[in-house]
Amino acid sequence: MLLEILRSMRPKHWVKNLLVFVGVIFARKFTEPFELLHAVGAFIAFCFVSSSVYIVNDLKDRENDRFHPKKRFRPIASGRLTTGPAVISGAFLLLIGLLIGWLLDWRFGLSVVTYFLLQLAYSFGLKRMVVLDVMTVAAGFALRAISGTFVVGVEISSWLFVCAILLALFLALAKRRHELLYLSDGGVNHRSVLANYSETLLDQMIAVATSATVVTYCLYTIAPETVQKFGTHSLIFTVPFVLYGIYRYLYLVYRKEEGGAPEKVLFTDLPLLIAIGLWLVSVVIILFSTRHP
């Protein structure tokens, strides 16, 4: 039973919660043990709360998941994990996650509560509303990014905030496209909102999201407030890694048909992992090799 509960927690999806470290990185505080410990605590809190959301969602969608070629093997949809233990484990995870959140910072705790309520709204209604479904997913990513700044006492750049939303939109739209094209009956039995999408519409939305993401990140690196904050114009040299990462993901979506599980792609595609690693290393080197204003 414990193994099935762990599977329902979807630990592979915890990679999404790494966004809470954005504030620590760009505030140049990840070498400070106290601040780093707070960021790790924020990551753990989001992992617990997001896992409780996954369990709630699996309970809600267990009938629809049985039409999905892969999701039908999930513990709750397959019947290996019954309702009682699933409810208890979900409630326990939520309680622990919220407790950690409020102990770290009341603003972070409020953000975690907002995230949980937003995901509940998604599970019980918003995911059936065209466009709002992917925008809700993007809002969840943005909440992760901005809440991580509360535990280290910094303000997130509005540019990075918008960039996080746009990147999340891109990933969510790519996932919708995969579900529409590669599930039986256009995926409608699994996700009713797909009846409102078409391949052409999703392709256009993906193109807008990717273009906006790149432009927003480029503008962030050369924005006067960014240059003044970090004392350097060199962040612009990290743009090629961002471009390659997005183009590589588009290749995986359109040529390899791997847009259905972004958390899996991030762990398994070596070129994409290298691009992300080089971007992170270059950001760290640039931020720590320049003077502090």
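Annotations for the structure displayed:
- The residue that is nearest to residue 108 (Cα to Cα), counting only those in the range 58-81 that are outside any helix (DSSP H, G or I) and open to solvent by less than 80 Å² (accessible area, probe 1.4 Å), is 61.
- Total residues in the range 257-271, condition open to solvent by 70 Å² or more (accessible area, probe 1.4 Å) and under 10 Å from residue 13 (Cα atoms): 1
- Each residue in the range 223-255 was checked for being assigned to a helix (DSSP H, G or I), open to solvent by 60 Å² or more (accessible area, probe 1.4 Å) and out of contact with any helix residue (DSSP H, G or I) (no Cβ under 6 Å at 6 or more places or on another chain), and 9 of them qualify.
- Test result for residue 36, over 25 Å from residue 104 (Cα atoms), more than 18 Å from the chain's Cα centre (by Cα) and of a type in the set (A, V, I, L, M, F, W, C): no
- Flag for residue 219 being out of contact with any helix residue (DSSP H, G or I) (no Cβ under 6 Å at 6 or more places or on another chain), over 25 Å from residue 65 (Cβ atoms) and in a helix (DSSP H, G or I): yes
- Whichever residue in the range 257-278 is at pLDDT below 85 and not in a helix (DSSP H, G or I) and, among such residues, is nearest to residue 214 (Cα to Cα): 259
- Among the residues of the range 198-214, not a single one is buried (at least 16 other Cβ atoms within 10 Å of the Cβ) and on the phi > 0 side of the Ramachandran plot.
- Among residues of the range 104-120 being touching a residue at least 40 places away in the same chain (Cβ under 8 Å) and either open to solvent by 60 Å² or more (accessible area, probe 1.4 Å) or in contact with a Ser or Thr (Cβ under 6 Å, 6 or more places away or on another chain) (or both), the one that is nearest to residue 38 (Cα to Cα) is 108.
- Within the range 160-177, residues that are under 16 Å from residue 204 (Cβ atoms) sit with their Cβ atoms under 8 Å from residues that are among the polar types (S, T, N, Q) and at pLDDT 90 or above, at 6+ positions apart or across chains, in these pairs: 166/213; 166/216; 170/210; 170/213.
- Those residues of the range 22-42 which are out of contact with any Lys or Arg (no Cβ under 9 Å at 6 or more places or on another chain), part of a helix (DSSP H, G or I) and open to solvent by 40 Å² or more (accessible area, probe 1.4 Å), in sequence order: 33, 34, 37, 40
The values are calculated or read from the model by the stated rules, or taken from the named source; none is laboratory data. Because the structure is predicted, anything quoted here is derived from the model rather than measured. Quick reminder, even Gly has a Cβ in these numbers, built from the backbone with ideal geometry, and neighbours come from all protein chains shown. Just so you know, the surface numbers come from the protein's heavy atoms only, side chains and all, with ligands and any DNA or RNA stripped out. Shrake-Rupley method; radii C 1.70, N 1.55, O 1.52, S 1.80 Å.
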